[in-house]
Amino acid sequence: MTEKINIRELALAVLLEAGKKEQKSSQLIHSVLEKYQYLPRQDRAFFTRLCQGTLEYRLQLDYILDVYSRVPARKMKPVVREILRMAVYQLKYMDSIPDSAAVNEAVKLAGRKGLPQLKGFINGVLRAAARGLQECPWPEKTDPVRFLSVRYSMPEYLVEKWLKELGAEATENMLRAFLLEEPLTVRIRGGSTERENALEELREQGVLAEKAPYVQSAYYLKKYDKLEKLTAFRRGRLQVQDVSSMLAAEAAAPGEGSLILDLCAAPGGKSLYLADLAGEGSLVIARDLTPGKVQLIRENADRCGAGQVRPEQWDACETDPEMIEKADTVLADVPCSGYGVIGRKPDIKYRASAEREDALVELQRKILTNAVAYVKPGGVLLYSTCTVNYAENQGNAKWLAGNFPLEPESLDPFLPQELRTENTGRGFLQLLPGAHSCDGFFMARFRKKKMDGER
């Protein structure tokens with residue numbers, strides 16, 4: 001470990017900040033890694049895992065603390081609670097860290113944070129936990145909601161919801177998948193020759209590129225330090241993108257030289273893929289709400305040399321009269337609850353609520369009303385989300401088909417054989433972690449009907 005920088009203290013600061021409303025842990029972790037770029041790779045990896053693991057397992061860690069502490073976790077001071085959570089995570093999930101080191105470093109950290117009077121309490125709780133973890137009494141399976149909530153560190157609200165909507169087996173498989181380590185997924189742009197050149201560049205830099213499922217150009221990257229150091233990335237040959245997102249672009253299947261509107265486009269992965277699919281004569285208008293998000297799209301487009309992608313700032317809830325019935329293809333990948341990406345963004349699960357879901361459905365329908373208006377008669381609307389919530393997915397797809405001149409179209413021509421089902425033939429696909437090798441994701445394809453006399 002670096003002598004001048006206390007890695008656990010850095011992690012504690014991130015966890016305390018992440019506990020505040022609407023603070024995204026991924027951004028906080030990235031900011032620290034950027035600030036301390038000089039840290040050895042081992043320290044950076046330890047810091048990242050400690051932050052992410054403690055966040056992912058927060059509910060389970062609190063359950064363990066409640067078993068071994070006379071003070072319930074919910075009543076502890078935030079700084080004490082986070083110190084204990086970090087230490088218990090190390091005790092249970094980081095075999096390379098000796099129990100004595102996890103305990104002693106937590107006690108020292110309490111002193112560094114001005115809590116010397118609590119050193120004895122922290123030491124006692126952690127030593128009891130270290131001795132008893134193997135025999136810790138877990139909730140009984142006869143209470144499936146409580147059992148699954150603690151076992152997989154998922155709020156009971158979501159567990160109960162998914163048990164009703166998805167069933168017991170699919171729910172547990174998904175919860176298990178959320179806790180698995182996920183490699184970075186990228187799309188290698190271009191044809192077979194460009195792909196081989198990019199793979200060779202990666203090999204020369206010691207990067208392991210493993211083929212990902214479902215999409216020909218999808219790969220997992222392993223054994224690299226920073227993405228920005230990779231030659232293939234700097235040259236625009238790689239685009240970070242989950243396979244599910246790639247499938248959405250392929251399902252939109254824009255025609256060569258077409259006009260494409262991507263309504264909620266940041267950071268631009270789908271816009272770039274749509275541009276690659278439609279070719280040089282196309283135009284992809286890639287919109288998002290804030291200047292920062294538009295800048296992300298612009299940076300990605302510039303790095304990839306995608307001149308046919310035109311970033312624009314626009315509120316998708318506001319109707320643009322200049323775009324009415326102009327687009328051959330509209331992609332509406334709308335803001336959503338994000339439950340499908342909990343494995344990469346654990347903060348999401350702690351902010352889930354029925355009220356938030358209802359508000360999102362209302363927002364989504366405002367955006368979709370505009371999206372339908374922008375599609376040419378005979379054009380395509382591709383609706384997608386990165387969630388596994390029925391109301392936002394199948395519910396909105398039924399609402400679209402029932403309230404607008406839209407005809408659901410089969411997704412089968414655009415999907416690999418292993419993803420084709422009765423539902424994809426009817427025009428929609430729900431991807432589930434644990435059942436599919438990708439993020440949780442939903443997509444539905446519609447063709448806008450032509451009125452009498454239209455060609």
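The values are calculated or read from the model by the stated rules, or taken from the named source; none is laboratory data. Here the structure is a predicted model, which means the values were calculated and not measured. Here Cβ is always computed from backbone atoms with ideal geometry, including for glycine, and neighbour counts include all displayed protein chains. Keep in mind that these areas ignore ligands, DNA and RNA; they rest on the heavy atoms of the full protein, side chains included. Shrake-Rupley method; radii C 1.70, N 1.55, O 1.52, S 1.80 Å.
Of all residues in the range 315-324, those satisfying the criterion of being open to solvent by 80 Å² or more (accessible area, probe 1.4 Å) and either closer than 21 Å to S258 by Cα or part of a strand (DSSP E or B) (or both) are P321, E322.
Of the residues L331, L360, L382, which single one is surrounded by 20 or more Cβ atoms within 10 Å (Cβ to Cβ), touching a Pro at 6+ places or on another chain (Cβ under 7 Å), under 20 Å from L289 (Cα atoms) and of a type outside the set (D, E)?
None of the others qualify; the one that does is L360.
Checking each residue in the range 100-121 for being of a type outside the set (D, E), farther than 19 Å from D62 by Cβ and touching a residue at least 40 places away in the same chain (Cβ under 8 Å) picks out R112, K113. Among the residues of the range 254-261, is there at least one that is over 29 Å from G425 (Cα atoms) and either within 21 Å of the chain's Cα centre (by Cα) or surrounded by fewer than 16 Cβ atoms within 10 Å (Cβ to Cβ) (or both)? Looking for residues that are over 29 Å from G425 (Cα atoms) and either within 21 Å of the chain's Cα centre (by Cα) or surrounded by fewer than 16 Cβ atoms within 10 Å (Cβ to Cβ) (or both), one finds none in the range 254-261, hence no. Of all the criteria given as (1) under 19 Å from the mean Cα position of the chain (by Cα); (2) closer than 17 Å to I188 by Cα, the one not satisfied by G236 is (1). Every condition in (1) part of a loop (DSSP other than H, G, I, E, B); (2) surrounded by fewer than 23 Cβ atoms within 10 Å (Cβ to Cβ) holds for V294 except the one numbered (1). If you filter the range 422-450 down to residues that are assigned to a helix (DSSP H, G or I) and in contact with a helix residue (DSSP H, G or I) (Cβ under 7 Å, 6 or more places away or on another chain), you find that the one that is nearest to A332 (Cα to Cα) is T424.
The lone criterion from (1) under 22 Å from D242 (Cα atoms); (2) in a helix (DSSP H, G or I) left unmet by V372 is number (1). For the range 122-143, a tally of residues being assigned to a helix (DSSP H, G or I) and either in contact with a Pro (Cβ under 8 Å, 6 or more places away or on another chain) or touching a residue at least 40 places away in the same chain (Cβ under 8 Å) (or both) returns 7. Looking only at residues of the range 405-448 that are surrounded by 18 or more Cβ atoms within 10 Å (Cβ to Cβ) and more than 26 Å from the chain's Cα centre (by Cα), we find that the one that is farthest from L363 (Cα to Cα) is E409.
Here is the figure for the range 325-360: residues that are under 24 Å from A251 (Cβ atoms), part of a loop (DSSP other than H, G, I, E, B) and hydrophobic (A, V, I, L, M, F, W, C) total 3.
Can you work out which of the residues in the range 89-102 that are farther than 17 Å from D66 by Cα and aliphatic (A, V, I, L, M) is surrounded by the most Cβ atoms within 10 Å (Cβ to Cβ)? Across the range 89-102, the extreme among qualifying residues is A102.
Scan the range 220-233 residue by residue and report those that are within 17 Å of the chain's Cα centre (by Cα) and open to solvent by 10 Å² or more (accessible area, probe 1.4 Å).
Within the range 220-233, the first condition is being within 17 Å of the chain's Cα centre (by Cα), and the residues that meet it are 220-221.
Hit for the range 220-233 is Y220, nothing else.
Surrounded by fewer than 20 Cβ atoms within 10 Å (Cβ to Cβ), more than 21 Å from the chain's Cα centre (by Cα) and under 21 Å from I5 (Cβ atoms) - does that describe any residue in the range 69-88? The answer is yes; a qualifying residue exists.
So, in the range 129-183, how many residues would count as being touching a strand residue (DSSP E or B) at 6+ places or on another chain (Cβ under 7 Å) and buried (at least 16 other Cβ atoms within 10 Å of the Cβ)? Outline the logic, then answer.
To start, the set of residues in the range 129-183 that are touching a strand residue (DSSP E or B) at 6+ places or on another chain (Cβ under 7 Å) comprises 174, 177-178, 183.
Narrowing the set further to residues that are buried (at least 16 other Cβ atoms within 10 Å of the Cβ) leaves 174, 177-178.
Matching residues across the range 129-183 total 3.
Residue-level check: of (1) farther than 27 Å from A170 by Cβ; (2) among the polar types (S, T, N, Q); (3) touching a residue at least 60 places away in the same chain (Cβ under 8 Å), S353 misses just (1). Across the range 40-66, the number of residues qualifying as surrounded by 16 or more Cβ atoms within 10 Å (Cβ to Cβ), farther than 25 Å from G114 by Cβ and not aromatic (F, W, Y) comes to 9.
Determine if the range 188-201 includes at least one residue that is open to solvent by less than 30 Å² (accessible area, probe 1.4 Å), modelled with pLDDT of 95 or more and within 23 Å of the chain's Cα centre (by Cα). Among the residues of the range 188-201, at least one is open to solvent by less than 30 Å² (accessible area, probe 1.4 Å), modelled with pLDDT of 95 or more and within 23 Å of the chain's Cα centre (by Cα), which makes the answer yes.
Here's a check for you: in the range 338-348, which residue that is under 14 Å from G53 (Cα atoms), touching a Leu at 6+ places or on another chain (Cβ under 8 Å) and of a type outside the set (G, A, S) is surrounded by the fewest Cβ atoms within 10 Å (Cβ to Cβ)?
Here the answer is D347.
Of all the residues in the range 161-213, those that are touching a residue at least 24 places away in the same chain (Cβ under 8 Å), more than 18 Å from D242 (Cβ to Cβ) and not in a helix (DSSP H, G or I) number 2.
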